[in-house]
Amino acid sequence: MAVKNRKRMALTGNEAYAYAMKQINPDVVAAYPITPATEIVQIFAKYVADGLVNTEFVPVESEHSAMSACVGASATGARVMTGTASQGLALMHEILYIASSLRLPIVMAVVNRALSGPINIHCDHSDTMGSRDAGWIQVYTENANEAYHSVIMGIRIAETVNLPLMVTLDGFIISHEMEVVEVLEDQEVQEFIGERKPLYNILDVDNPITVGPLDLQDYYFEHKRQQVEAMKYAKEVIKSVVEEYNKKFGTDFPAFIEPYRMEDAEYAVLAMSSAAGTMKEAVDLMREKGEKVGLVRLRVFRPFPFEELREVFKNIKAIGVMDRADSLNTMGGPVFNETRSALYDLETRPKMMGFVFGLGGRDFPIEDAIHIIERVKALKEGKKVDMVEYIGVRE
Amino acid sequence: MAEKLTLNLKELSKRTEGLASGHRACAGCPFPAIIKMILGAADDPVVVANATGCMEVVTTIFPYTAWPVPWIHNAFENAAATISGVESAYKALLRKGKIPGNKKIKFIAFGGDGGTYDIGLQSLSGAIERGHNFLYVLYDNEGYMNTGIQRSSATPFAAHTTTSPAGKVIPGKTQHRKDLTEIVAAHNLPYAAQASPSHWNDLIRKVRKALSVEGPTFISIISPCVPGWGYPEHMSIELAKLAVETKFWPLYEVENGYYKINYKPRNPLPVIEFLKPQARFKHILNRPDLIEEIQRFVDERWERLLWLEQRKPEENK
Ligand SMILES: Cc1ncc(C[n+]2csc(CCOP(=O)(O)OP(=O)(O)O)c2C)c(N)n1
Ligand code: SF4
């Protein structure tokens, strides 16, 4: 996903995210530290202290207040950003729904970390998967470079649809690993994001509005229905913003899904985030052995790109879906469950199985990736497999 | 600085719109009057954040609103955090020249005692500590009224609520009120005060004072509740007055750390005069020991205030 002839910087995922925030220069950032997202807050606080941004930084006393302050700030029409992980996101949970129902385009980094308990600081997706129905757009990134660009695109997407958006990066694996990031010039970022143009704002004292009234049986449902329409609209906007970005800056980011060696694939794996990088390598190795296997990386989980998935999988015989979180519903993780549901209406429905892996930061080595491919191959061949397999765990 | 801190009734009546009629507060609920006084007291335009609770619920039922000013409700425990976000955005937008005419705006958060003493205490403490420029108004009806009269840490000793019921063994709430104004004052903020709608000129002066200083300010206002306290609906202001005259609810202010009691009843009434008209205390009217305990608590708090008041700023010595 190289940006051609661009300034190259060696940055960790957190640094890349903070650097994008600096270039965006939001009006308000309200944030609270939590491993592994702490650096984002720290780096940004330093930018403020050094006068490199013109942002009002609100060092709140909790994530609940971080999101609450973001809501208040965003309702003024200001451009508002924050970042968190795991317990912090869980503490925000109540307010996530309020932000989206008030249609406030807050952009947030979530550095994926396992939710307690037991307490753990390492990567899995239980945090953001726990917020999957909160009405936020969710973009899962594979590496620091993608995280950086996704934030900039995220501002435009969120502010066009008036929905909040989270960009996630895998804790430690992406947040703390140094990578080459090809960055835009400040000017290019500013031009691309433009000004936020809110429909209403609560600082317009001459035209007072009431935000967040009690909404009972006679209207609540319509407002929720409108959020569904907003999510549908988000699909169009994500597509057009990513296209525009690629065209302008010579990048080639996929909007929703990234098919990898899918052209003549007979069976495939669906993966998200950094694990997709490992899985690409495994696919290459298996291809060398003559296996017709492919990978699809799911980049956007909300709105769920069911049409794109149907299209890419329509001739595939067997699919393994990877989840770095478990729904504890005894039938696997959320990506598996939703993908199965999305493909149910295909004429020739593929066989599917789920893989739960990497919980609490459990390493996901290439051997495990190959094992997954082999299991999906067995599924394709009609061998008996479990509906859900747990990878890399002592049982 | 506001030009002058007091307003007479004529001036006040000219200034204020207050809530639109048609809101759903109980007949006799005093907070619509409190809101009217506060909005009338402000010289500059205001933006309001409101915690979940009676005030929010009865003033805004979509698609209606009773508020004549920009207003935001976020959740129960975060009015202070919400207004801190609004105020921060205001500062940023002002700095970036994005507010037409660089309009001066004041920020006011309203919360009930549940949203302030209890679930919202952290958010309030954080916002005050960070030094945002806002006024927090606590309307204290001494219980969670919106959800059907449950105890809060503002509920007085022995009061009956649905979660501190007067039973055969336990006679209502077994703890005294938490002193929130003192907790707030411990943040060393520029201004904190207690007021009552019965003493409207004192209340308005306090609001104008609070809005005229830079930084976080706090006013706790007693707000009797008709069904929650159990009294005839015409008696709200009278009860607020009895709370002051019995020293149950001292009117005082803490300005830059210096205490001043604004009203010292010349012939204070015994606390029973405040308790008697209220159904929530009816089970203790034949329990002199419990009434005595409330009186003891009131006297002790009052003595403490008198003691705190002795420390005077240099110029007043
Ligand atoms: C997190 C959360 N917990 C509980 C509630 C339910 N609830 C709504 S208002 C309220 C009580 C409000 O009491 P108070 O702040 O004293 O205001 P009042 O209704 O008395 O004016 C409660 C418990 C809620 N909305 N949110
Ligand atoms: S229940 Fe009490 S506080 Fe609520 S509106 Fe009625 S009188 Fe006012």
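The values are calculated or read from the model by the stated rules, or taken from the named source; none is laboratory data. Remember, predicted model here, so these are calculated numbers, not experimental data. Cβ sites come from the backbone with ideal geometry, for glycine too, and all protein chains shown count toward neighbours. All accessible areas refer to the heavy atoms of the entire protein, side chains included, with ligands and DNA or RNA removed. Shrake-Rupley method; radii C 1.70, N 1.55, O 1.52, S 1.80 Å.
Here are the numbers for the structure shown:
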| quantity | calculated |
| --- | --- |
| Shielded by partner chains, the range A:201-231 residues - at least 30 Å² of accessible area, 1.4 Å probe, vs chain alone | A:I202, A:L203, A:V205, A:P208, A:T210, A:V211, A:G212, A:P213, A:L214, A:Y219 |
| Nearby lysines by direct alpha-carbon distance to A:K314 (threshold 25 angstrom, same-chain neighbours under 8 apart not counted) | A:K232, A:K235, A:K239, A:K280, A:K289, A:K292, A:K351, A:K377, A:K380, A:K383, A:K384 |
| Number of partner chain Cβ atoms within 10 Å, mean per residue of B:90-103 | 5 |
| Computed label-point distance, nm, for sites A:E188 and B:V169 using a 7 Å Cα→Cβ extension | 7.4 |
| Stretch gain in nm, segment A:V228-A:R287, where the contour uses 0.36 nm per residue and the Cα spacing is subtracted | 17.2 nm |
| Residue-normalised accessible area of chain A, expressed per residue, 1.4 Å probe, Å² | 39 |
| Peptide-level mean, for B:107-114, of C-beta atoms on other protein chains within 10 Å | 0 |
| Accessible area buried, both sides summed, chains B and A with 1.4 Å probe, Å² | 3300 |
| Cα centroid separation - the range A:71-139 against the range B:5-42, whole Å | 39 |
| ³J(HN,Hα) computed for each position of the range A:170-184 - Karplus, 6.51 cos²θ - 1.76 cosθ + 1.60, integer Hz, glycine/proline x | 5, x, 6, 4, 9, 4, 10, 8, 7, 9, 7, 10, 9, 9, 8 |
| Per residue, in Å², the accessible surface of chain B once ligands and nucleic acids are set aside, probe 1.4 Å | 41 |
| Residue-averaged beta-carbon neighbours from other chains (10 angstrom radius) around B:123-130 | 4 |
| Lysines with Cα under 28 Å of B:K312, excluding same-chain neighbours fewer than 8 positions away | B:K4, B:K178, B:K206, B:K209, B:K241, B:K247, B:K260, B:K264 |
| Carbon and sulfur %, accessible surface of chain B computed with the full protein complex present, 1.4 Å | 54 |
| Fraction of accessible area attributable to carbon and sulfur, the range A:257-391 (%, probe 1.4 Å) | 48 |
